[in-house]
Amino acid sequence: MTSKRAAPPEAKKDEAVELPTPVNPQTRMVTVYIMGKRAVVPEHATIMRAIEYTGVQIIRGAGCREGFCGACGTLYRLPGDYRIHTGLACTTLVKDGMSLTQIPAVPMEKAIYDLEQIEATVDTIKKYYPAIFRCVSCNTCTKTCPQGLQVMDYVNAAMRGDIAEVMDLSFDCVSCGLCALRCPAEIVQHKVGILCRRLYGRYLRKESRELDVRIDEIRNGVYDAEYAEMMAMAKEALSEQYYARDIEA
Amino acid sequence: MYPEYMHESLELAAKTRPARLELAKSGKPVYPPMNATEREDVLAKFHPDFTSGARSKIRIGPNKGEELTTEVTEILEAHSMVEPRLMDIHLRKPDYETDLLIIGGGGAGCWASITAMQNGINSMIVTKLRMGDANTMMSEGGMQAAVAPQDSPTRHYLDALGGGHFENKPELVRVLTEDAPQIVRELENLGVIWDKMDDGSMQVLHGGGTSRKRMVSCRDYIGAIIMRTLMDEVKNHPDKITVREFEPAVELLLDEKGQCAGAILYSLDTEQFLTVKAKATVIATGGFGRLHIRGFATTNHYGATGDGLVMAYRAGAHLKFMDSVQYHPTGAVFPEQIAGFLITEKIRGAGGQPLNKFGDLFVFPREPRDIESAAIIRECTERGLGVDTFAGRSGVWLDSPLIDMIHGEGYTKHQFPGMVRQFNRYGIDITKLPMLVYPSLHYQNGGIEINERCETNIPGLYVAGEASGGVHGRNRLMGNSVLDYNVFGRRAGMYASEYAKSVKLGNLSLEHVSAYARDMSCAGIQTDLVSPLILPSYAPEDVKLQQMARLGNTPARHSMLRTRFGRDEGKTAHGKAG
Ligand SMILES: Cc1cc2nc3c(=O)[nH]c(=O)nc-3n(C[C@H](O)[C@H](O)[C@H](O)COP(=O)(O)OP(=O)(O)OC[C@H]3O[C@@H](n4cnc5c(N)ncnc54)[C@H](O)[C@@H]3O)c2cc1C
Ligand code: SF4
Ligand code: SF4
Ligand code: FES
């Protein structure tokens, strides 16, 4: 096996290539205001790590810690800047003078529906989330979204009943709820997003015929004999078959 | 932005790229896959499971005498959070009663509640943080399902067994692979949006250890899409499924016949202990990445502390394969803020290649995870060919720019929006520059032993998902755990609800917890650890010391602190909490 290797890494070791070594910059500290209280934290900390650095055990306001779950929505302001900024505490870095507060929950009502009983039409959206038609196109939601989504565009698409477009534009929504909190028309954008995504997956998808075939095969016991045979095989025989199997390119 | 000192290495990677692109296009493996002997060798020498101190013998309980992962032995040889005597009156007057108690609001838990409902049984989901604050939410790459015509469920079976070194329980692998196509269909009927080809057929890709393209996906947000769909469905039935958030379970309850009869919860908001009486119980608590085994950074969510293992073990459940840990080959090493962040294996499935500091390939990009991880560790340690960061980490390049070169411009952005966004936040465009990676603590291979009906050796106790043990042997392949929580979560709901229809419960008891405490003292175990951990504490050590100075009755919440005190996670070579 080894002989076939194109370039064994060991060969490189002897070459006189010297790569530079890392320099260790000193950890600088910055001052932040966590719900108004001053704290000095490392400059390279995320907002979440900064809060923990002060000794707080976060109970509400942290979930995945990697930007997927939306538990950690945060509002902040920076010195000399009148604007309210938003971010996910787990992926946003602190800045000197940052004044912040986490918003661990946004009050709202989720519509209750039976997916099997509804249709992928604008009427469905209208029935469950009538407030979307109050949108004044102010674009605040889009400016708010920490995921950088075109939120206003998907709200507008929902008003047109363009469910595929809502699906596409809201695909990466983490449901942090910050857009809903800032919306002057009191719309719950992300709830409209999940409704439309489910409608798309259920009713507007392209059908996968090969999947039907496979499900039927299994139901009809096409693989039963082969399963039985393999389950009865000794480890050695299985191992042999495994290492001899062909691999799709 | 990559710092100056990495530029030279980055240039070397760019220089070797055209030749590597040719190789990738040739259709042949870009590097020779290892044979069985080579695999064994690299594992034995470089996999963290085999380093000294990685395992220690457990002195009490059903697995007594076995070598388990040290950090697991530690939380099993620890004190309960509750004093059984003080709970007596509450056991007689439970706070909640339900037919089916489901512990854990991730993928497996949601499925169990949905299939129980379909079977006419109401359930209660109790979960640690919010619903969906779970590893399920985070999966990126995909799910294995033999849907393509050139593939078959039995091929999937062989691949899964080979990946698990033929130690998996065959009957579990059979239902895993056999239920998979049906799961794909049921998920899309619930509204999950699969990646499809123009003709509607499922898009399939390779993952580590697959012999056919079998990975189905939802861009790189499969977890978020499935999790939010299942959660939305659960919340559409408030009359049949009750949800309690921020109320993790800390002990199981048994009756005098030894049947599982519910659990004690601990309210994170009020620090109260609450009693739930249930005819059947499903543990769906997920994995243990936040134990920071061997000091590794982790990809897991905040609440992944292996609580299910602890509760079930004290109640007498048998654990399987708890001596092995999965390190994902490609956790981010740079920038420091996202150390441990998972770079999906699909990047390698789509053509991304691991490179050493000279820009050279050193391993086949799609070896099974344990092998790939061990090979990367070898490159960075023994061979010294990793790229060092100023935070004291070392890593290898994962050459992502190749992907657009292979599949066409725009492909990376469309297929990996999460990845592109995450690195863009720190000024790194992964379509132009590679990512720096090192193995990250990822998955609990073993767990509470189950059969294909999700039953354990305790009547009335069912387990599904990452908390269970047996299906993956000692090494899970990518895409098989998303499949696992779907297949077994769904099964757990079906079988547990059926059982709940006929079981007769006796009186609730915590006697097993008292007995366990007696066993601990007989075995001479001295510890100040309290488990389950519930949440890790990331307060600096000096702050923890000041918090621990409190006199008298330590509030339960502080068990998190106490358990984490002096354990130095984040201070080792492998890095910090992610
Ligand atoms: C970053 C990442 C990426 C991944 N990518 C993939 C992939 O591409 N393909 C793949 O196949 N697999 C992947 N996995 C693995 C897969 O996502 C998980 O193994 C799977 O989702 C586990 O599902 P689960 O329902 O068993 O557990 P989880 O989804 O983790 O759910 C467990 C739930 O239980 C709760 N809980 C924990 N303790 C308690 C307690 N004491 N009381 C009450 N509730 C409790 C938790 O808070 C959580 O809500 C990935 C994992 C991670 C972390
Ligand atoms: S913030 Fe509200 S009103 Fe403004 S654009 Fe968005 S949805 Fe419309
Ligand atoms: S669309 Fe709204 S809820 Fe979704 S991520 Fe953006 S701000 Fe958060
Ligand atoms: S903690 Fe999940 S998005 Fe920040």
Worksheet entry | Residues located in the range B:474-493, provided they are under 18 Å from residue B:181 (Cβ atoms) and outside any loop (DSSP other than H, G, I, E, B) | B:480, B:481, B:482, B:483, B:484, B:485, B:486, B:487, B:488, B:489, B:490, B:491
Fill in: Filter result (more than 14 Å from chain B (Cβ to nearest Cβ) and within 13 Å of ligand 3 (Cβ to nearest atom)) within the range A:133-156
A:139, A:140, A:141, A:142, A:143, A:144, A:151, A:152, A:153, A:154, A:155
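Could you please find all residues in the range A:64-84 being surrounded by 17 or more Cβ atoms within 10 Å (Cβ to Cβ) and within 16 Å of ligand 2 (Cβ to nearest atom)?
Across the range A:64-84, the qualifying residues are A:73, A:75.
Select, from B:517, B:496, B:523, B:467, the only residue that is outside the structural domain of residue B:420 (by TED's automatic domain parsing), surrounded by 24 or more Cβ atoms within 10 Å (Cβ to Cβ), touching a residue at least 12 places away in the same chain (Cβ under 8 Å) and farther than 19 Å from residue B:173 by Cβ.
Values: B:517 fails: surrounded by 24 or more Cβ atoms within 10 Å (Cβ to Cβ); B:523 fails: surrounded by 24 or more Cβ atoms within 10 Å (Cβ to Cβ); B:467 fails: farther than 19 Å from residue B:173 by Cβ.
Of the residues listed, the single one that is outside the structural domain of residue B:420 (by TED's automatic domain parsing), surrounded by 24 or more Cβ atoms within 10 Å (Cβ to Cβ), touching a residue at least 12 places away in the same chain (Cβ under 8 Å) and farther than 19 Å from residue B:173 by Cβ is B:496.
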Item to complete: Kindly indicate whether residue A:236 is within 16 Å of ligand 2 (Cβ to nearest atom), loosely packed, with under 13 Cβ neighbours inside 10 Å and either farther than 19 Å from residue B:185 by Cα or in contact (Cβ under 8 Å) with a residue 40 or more places away in the chain (or both).
Response: no
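Applying the selection to the range A:195-213, what residues are charged (D, E, K, R) and more than 17 Å from residue B:150 (Cβ to Cβ)?
Those that are charged (D, E, K, R) and more than 17 Å from residue B:150 (Cβ to Cβ): A:197, A:198, A:202, A:205, A:206, A:207.
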Item to complete: Look at the range B:61-103 and say how many of its residues are within 16 Å of ligand 1 (Cβ to nearest atom), open to solvent by less than 10 Å² (accessible area, probe 1.4 Å) and not β-branched (Val, Ile, Thr).
Response: 4
Worksheet item: Which number in (1) out of contact with any strand residue (DSSP E or B) (no Cβ under 8 Å at 6 or more places or on another chain); (2) crowded, with 17+ Cβ neighbours inside 10 Å; (3) within 30 Å of residue B:495 (Cβ to Cβ) marks the one condition that residue B:43 misses?
Response: (3)
Worksheet item: Inside the range A:136-166, can you point out the residues that are closer than 20 Å to residue A:124 by Cβ and open to solvent by 20 Å² or more (accessible area, probe 1.4 Å)?
Response: A:153, A:156, A:159, A:160, A:161, A:162, A:164, A:165
Worksheet entry | Whichever residue in the range A:185-240 is of a type in the set (Lys, Arg) and within 16 Å of ligand 3 (Cβ to nearest atom) and, among such residues, is nearest to the other protein chains (Cβ to nearest Cβ) | A:198
Worksheet entry | Filter result for residue A:63 (within 8 Å of chain B (Cβ to nearest Cβ), within 16 Å of ligand 1 (Cβ to nearest atom) and modelled with pLDDT of 95 or more) | yes
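How about the range B:54-109: which strands (runs of 3 or more DSSP E) wholly inside it have at least 2 residues that are farther than 19 Å from residue B:303 by Cβ and over 24 Å from the mean Cα position of the chain (by Cα)? If you could, list the steps in order and put the result at the bottom.
Details: elements: B:55-57, B:67-69, B:96-103.
Strands (runs of 3 or more DSSP E) meeting the threshold: B:96-103.
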Worksheet item: Is there a residue in the range B:312-324 that is open to solvent by less than 10 Å² (accessible area, probe 1.4 Å) and modelled with pLDDT under 95?
Response: yes
Discussion item. Take residues that are away from ligand 4 (no atom under 16 Å from the Cβ) and in contact with a helix residue (DSSP H, G or I) (Cβ under 6 Å, 6 or more places away or on another chain) and tell me which of the helices (runs of 4 or more DSSP H) falling wholly in the range A:118-217 contain 3 or more.
Written reply: A:140-144, A:151-160, A:163-170, A:189-199
Discussion item. Quick check on residue B:337: is it open to solvent by less than 10 Å² (accessible area, probe 1.4 Å) and either more than 16 Å from ligand 2 (Cβ to nearest atom) or within 30 Å of residue B:514 (Cβ to Cβ) (or both)?
Written reply: no
Worksheet item: Can you tell me which of A:174, A:166, A:151 is under 20 Å from the mean Cα position of the chain (by Cα) and near ligand 2 (Cβ under 9 Å from one of its atoms)?
Response: A:151
Fill in: Count - residues of the range A:59-79 that are within 8 Å of ligand 4 (Cβ to nearest atom), aliphatic (A, V, I, L, M) and in contact with a helix residue (DSSP H, G or I) (Cβ under 9 Å, 6 or more places away or on another chain)
1
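Would you mention how many residues in the range B:1-53 are in a loop (DSSP other than H, G, I, E, B), aliphatic (A, V, I, L, M) and more than 10 Å from chain A (Cβ to nearest Cβ)?
Residues flagged as in a loop (DSSP other than H, G, I, E, B), aliphatic (A, V, I, L, M) and more than 10 Å from chain A (Cβ to nearest Cβ) within the range B:1-53 amount to 1.
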Worksheet item: Any idea which of (1) more than 16 Å from ligand 1 (Cβ to nearest atom); (2) within 12 Å of another protein chain (Cβ to nearest Cβ); (3) open to solvent by 40 Å² or more (accessible area, probe 1.4 Å) is the one residue A:99 doesn't satisfy?
Response: (2)
Practice prompt. Name, by its number, the condition in (1) at pLDDT 95 or above; (2) crowded, with 19+ Cβ neighbours inside 10 Å that does not hold for residue B:432.
Written response: (2)
Fill in: Pair list, Cβ < 7 Å and 6+ apart or interchain, from the range B:390-418 residues that are farther than 16 Å from residue B:25 by Cβ to residues that are part of a helix (DSSP H, G or I) and open to solvent by 30 Å² or more (accessible area, probe 1.4 Å)
B:391/B:336
Worksheet item: Among (1) more than 11 Å from chain B (Cβ to nearest Cβ); (2) at pLDDT below 95, which single condition is residue A:92 missing?
Response: (1)
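From the list B:393, B:378, B:366, pick out the single residue that is more than 15 Å from residue B:439 (Cβ to Cβ) and open to solvent by 10 Å² or more (accessible area, probe 1.4 Å).
B:366
The values are calculated or read from the model by the stated rules, or taken from the named source; none is laboratory data. Bear in mind the structure is a predicted one, so any value in this text is a computation, not a measurement. Virtual Cβ from ideal backbone geometry, glycine too; neighbours counted across all protein chains shown. With ligands, DNA and RNA removed, areas are computed over all heavy atoms of the protein, side chains included. Shrake-Rupley method; radii C 1.70, N 1.55, O 1.52, S 1.80 Å.
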